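*Asks:* Below is a structure I'd like to ask you about.
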Amino acid sequence: MKFGAALRVPGGEVDLTSYRADGTPGFAGGKKSGTKALAKLGAELAELQERLFAHGQAGGERSVLLVLQGMDTSGKGGTLRSTVGLVDPQGVRITSFKAPTDEELAHDFLWRITNALPEPGYVGVFDRSQYEDVLAARVRGLAAPDEIERRYDAINAWEREQIERGTVLIKCMLHISPEQQKRRLLQRLDNPEKHWKFSPGDIDDRRLWPEYQRAYEIALERTHTQHAPWHVIPADRKWYRNLAVAHLLREALLGLDLRWPVADFDVAEQRRRLIKEKLHL
């Protein structure tokens with residue numbers, strides 16, 4: 001079974017309690033075999049990404065956008081290092097969305113998201129995304145209920161527009177359990193080298209765990225579409241999370257079915273020129 005089929009939300013009502021955060025859908029092995037499987041994907045992912053980059057350099061219009069959403073410590077940064085890090089960084093554009101600036105607040109919520117879209121030929125990665133505007137905004141009351149409702153439809157229309165322009169969307173919700181999150185937060189507090197990664201606000205958000213889970217369920221229900229489906233990635237096991245996202249990226253790149261661009265010059269003639277060339281150094 002492909003990882004995409006194993007992880008894709010079926011549609012309709014979503015109950016996150018029915019998804020095991022420590023599961024390994026689509027993979028029968030353990031950590032050791034999973035780590036080896038991820039390493040083996042590296043060469044193939046790198047070639048597929050290079051084909052996409054070459055496609056863009058030759059005037060193509062295709063691109064890939066990986067959206068990573070999840071509670072704190074679910075591993076958005078770790079996924080970037082272990083999975084996206086397998087490909088050439090020159091062909092990757094990573095955007096980490098923080099609290100909006102005054103300029104961004106002066107525009108529609110999708111303005112800053114649109115400005116960060118990957119150009120043709122690139123793999124774009126959103127560490128958090130437009131979904132913060134229906135997740136945190138809903139839980140913390142940062143927007144009126146009718147505005148939140150408008151945003152679901154606006155996101156669906158915006159995503160369809162990007163797909164029609166040639167972008168493939170991979171939407172991943174990194175699903176972590178509250179127990180595992182607590183362990184990871186404690187690890188940060190117990191290690192002075194990781195204090196910079198901790199924020200007291202992380203504990204405040206834990207107190208709103210049920211509200212955030214419900215906000216995620218509604219977002220998945222309202223914005224899971226045939227052209228831009230959601231995938232729920234069990235995130236308690238870091239090795240599986242990384243492997244799963246790598247496979248989703250591989251499936252998306254393979255689905256583009258890109259070929260190396262054909263030379264727009266006489267290859268044989270240029271080869272003869274190079275062989276005969278004499279440099280006066």
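The values are calculated or read from the model by the stated rules, or taken from the named source; none is laboratory data. Just so we're clear, the structure is a prediction, and the values are computed from it rather than from any experiment. All Cβ positions, even for glycine, are placed from backbone atoms using ideal geometry, and neighbour counts span all protein chains on display. These area figures cover heavy atoms from the full protein model, side chains too; ligands, DNA and RNA do not enter into them. Shrake-Rupley method; radii C 1.70, N 1.55, O 1.52, S 1.80 Å.
*Asks:* Report the far tail of the P(r) of region 66-192, meaning the percent of Cα-Cα pairs longer than 18 Å.
*Replies:* On the way: 4820 of 8001 pairs.
The proportion of pairs with Cα distances above 18 Å equals 60 percent.
*Asks:* Using a 10 angstrom cutoff on alpha carbons, build the Gaussian network for the chain and name the most mobile of R207, R93, R271.
*Replies:* R271
*Asks:* Could you check how much of the accessible area of the chain is carbon and sulfur, as a whole percent, using a 1.4 Å probe? Let's see the in-between values first.
*Replies:* Working: 7810 of 15140 Å².
Answer for the chain is 52 percent, counting heavy atoms of protein chains only.
*Asks:* Kirkwood Rh and Cα-based Rg: tell me the resulting Rg over Rh for the chain, rounded to two decimals.
*Replies:* On the way: Rg = 21.0 Å, Rh = 20.4 Å.
Rg/Rh: 1.03.
*Asks:* Given Cβ point charges of +1 (Lys, Arg) and -1 (Asp, Glu) and nothing else, what value in debye, to the nearest 20, does the dipole of region 144-281 about its Cα centre take? Before the final figure, lay out each step's value.
*Replies:* Numbers: 25 positive and 23 negative charges, 179 e Å.
For region 144-281, the charge dipole is close to 860 debye.
*Asks:* Still on this structure, I have one more. What residue among L66, V134, L48 has its Cα farthest toward the positive end of the dipole of the chain, where the charges are +1 on Lys, Arg and -1 on Asp, Glu, each on the Cβ?
*Replies:* So the residue we want is L48.
*Asks:* Where does helix 31-57 land angle-wise versus the long Cα axis of the chain, in degrees 0 to 90, nearest 10?
*Replies:* 60
*Asks:* With an 8 Å Cα cut-off and a minimum separation of 6 or more residues, compute the relative contact order for the chain in percent.
*Replies:* Relative contact order of the chain: 34 percent.
*Asks:* With springs only between Cα atoms under 10 Å, which of Q49, Q187, Q57 fluctuates most in a Gaussian network model of the chain?
*Replies:* Maximum fluctuation in the GNM of the chain, among the listed residues, is at Q187.
*Asks:* Cut-off 10 angstrom, C-alpha nodes, Gaussian network model of the chain. Which of H107, H224, H175 fluctuates the most?
*Replies:* H107
*Asks:* In debye, nearest 20: dipole of the chain around its Cα centre with unit charges on the Cβ of K, R (+) and D, E (-)?
*Replies:* 1420
*Asks:* Could you work out how far the C-alpha centroid of region 189-230 sits from that of region 31-99, in angstrom?
*Replies:* Taking the Cα centre of each part, region 189-230 and region 31-99 sit 21 Å apart.
*Asks:* With viscosity set to 1.002 mPa s at 20 °C, what whole-number translational diffusion coefficient in µm²/s follows for region 185-228 from Stokes-Einstein and a Kirkwood radius over Cα pairs? Write down the numbers at each step before the final one.
*Replies:* Working: Rh = 12.7 Å.
Roughly 168 µm²/s, to the nearest whole number.
*Asks:* Further question: From zero outward in steps of 5 Å, how is the percent of C-alpha pairs of region 3-124 spread across the bins?
*Replies:* Once binned at 5 Å, the Cα pair distances of region 3-124 give 2, 8, 13, 17, 18, 18, 14, 7, 3, 1.
*Asks:* Here's a follow-up. Show the residues, 5+ positions off or on another chain, whose built amide H is closer than 5 Å to the amide H of H175.
*Replies:* I233, A235
*Asks:* For region 168-281, what is the convex hull volume of the alpha-carbon atoms per residue, in Å³?
*Replies:* Details: hull volume 26.0 nm³, N = 114.
For region 168-281, the hull spanned by Cα atoms encloses 228 Å³ per residue.
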